[in-house]
Structures are given as C-alpha cells and as structure tokens.
1. List the GluC sites (Glu not before Pro) within region 127-190 that fall in a DSSP loop (any state other than H, G, I, E or B) and whose Cβ has at most 11 other Cβ atoms within 10 Å.
2. Divide, for the chain, the radius of gyration over alpha carbons by 2.2 N^0.38 Å, where N is the residue count.
3. Write out the trypsin sites (Lys or Arg not before Pro) in region 20-97 meeting two conditions: DSSP loop, and at most 13 other Cβ atoms within 10 Å of their Cβ.
4. GLY87's amide H: which non-local residues (gap 5+, or another chain) put their own amide H closer than 5 Å, with H modeled 1.01 Å from N in plane and none for Pro or chain starts?
5. Can you run phi through the Karplus equation (6.51, -1.76, 1.60; θ = phi - 60°) for region 133-138 and list ³J(HN,Hα) in whole Hz, with x for Gly and Pro?
6. Roughly what angle does helix 104-117 make with the longest principal axis of the chain, taking Cα atoms, 0 to 90 degrees, to the nearest 10?
7. Go through region 17-24 residue by residue and turn each phi into a ³J(HN,Hα) via Karplus (6.51, -1.76, 1.60, θ = phi - 60°); whole Hz please, and just put x for glycine and proline.
8. Could you let me know the centre-to-centre spacing of region 166-209 and region 74-106, using Cα atoms, in angstrom?
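Readers should treat all values here as calculations from the given coordinates under stated rules, not as data from a laboratory. Given the structure is predicted, the values throughout are model-derived calculations rather than measurements. We place every Cβ from the backbone using ideal geometry, glycine too, and count neighbours over all the protein chains shown.
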Amino acid sequence: MTGPDKPQVVLATRNLGKISEYRRMLEQAGFSVRGMDQAGVDPRLELPEEGDTFEANALQKATALQKITGGWTLGDDSGLEVDALGGAPGVFSARYSGSHERGPARDRANCRKLLEELSDVPDERRTARFVCVIAMPGPEGAVITSRGTCEGRIIQEPRGESGFGYDPVFMAAGYDRTMAELSMDEKNRISHRGRALSALVLKLKNPGA
C-alpha cells in the first residue's frame, strides 16, 4: 500500500525515539504512523495505566486513545522482572524507587533500590528479564497483541553510559556487557521491544497465521 491507501495508526506515546522505532517497522506492514502530538491529541492528556499486568496496561492505553482517534491505535507497556524478587519491579518498574524525579535521575534511583534489594542475592540467583507487551486495537473491534522478552541477569553495580532505565545493571544472556554498554544496533537486535514489535509485524503481515 502507498500514499492515501495506507491505514493510519496512532501510537500511545509522545517519545520521539519510540515513534521512530515503531514507524520503521510498521510502515513495512503497510501503516502510516503518527504519535499523539502529530495526531493532534490534547498535550495535557495522560493515558491511564492502572493494570496489574503489562498486557492490561498496554491495552488500557491503546483503547483510551482509540476513543479519541477512532482508528487503529497502539499501546505498549514494558518493565523488568527479577526472579529473586518474585517478578518485581514488574509493572512498577518506572516508579519502583518512589522517586518524583524524571529521566536519568529517576533511572539512577530505581537502579539503586534494585541493587539494594539484591545485595544478599548471589550471582546465580540474579536472573531477570525485560518484558514488552504491545496491544493494537483496530477500528472494528479486533485486537492484535504481541509479547517480547530479553533474558539475562542483574549485575552487582552499574556499567555503561548508553541506554536508559535498568540498562546499566542488566546483562543479557550470552553477553559480557550490560545493555548500557551495547551499541544501539546490538541492543535493538535483542531488546524486548524489538522482539515484541517483530512479532506484531509478523501478525499484521500474516493475519491468518
């Protein structure tokens, strides 16, 4: 599909980096992609995120946005699950420390709390995974979902200057560098979001599969 024949999907985000990543792959599946700001959504709007699972939050954001736009929308939710902590921080990953800071300051606070919680946990029990769930409801009621994970472990102290969130303390399985030490191309190849997005595009291209 080209030009005006392309169906449009509005992403439940204002993050330009995330919009660029989604646009690159969703356009391959025949969609025209816009973020909330590009779609003219009220900049004061805060989408709900009150579920107790990644799936619930992704769908909640996407369906709330669809009530405004009326067409295809896409929401995602992601976080870190640590086995020794019973799956925490999970859906509370972004606000794990309770910090009211934003951006890198909050990321550092979250990482500090995580390392404190794991201070007595040996390396072999520090297994963890990044999880991303995508929900894409269509205008006729159908909902396409996908899930991606990246297995790894939590190291003893932060390493690396790239990435964000828990990247400096997470080492993916098979790697000797943290996510914050990988190049963007390396990270995108193995990231939970990249895998969830690849699975979504596959479903879009092969709806009967």
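1. Loop-located and lightly packed - GLU140, GLU161.
2. Working it through for the chain, the quotient is 1.05.
3. Listed in order of number, the matching sites are ARG44.
4. For GLY87, whose amide H was placed from the backbone, the distant partners under 5 Å are VAL82.
5. Those phi angles translate into 10, 10, 10, 10, x, x Hz.
6. So the helix axis and the longest Cα principal axis differ by about 50 degrees.
7. x, 5, 4, 4, 5, 5, 4, 4
8. Answer, in whole Å: 18.
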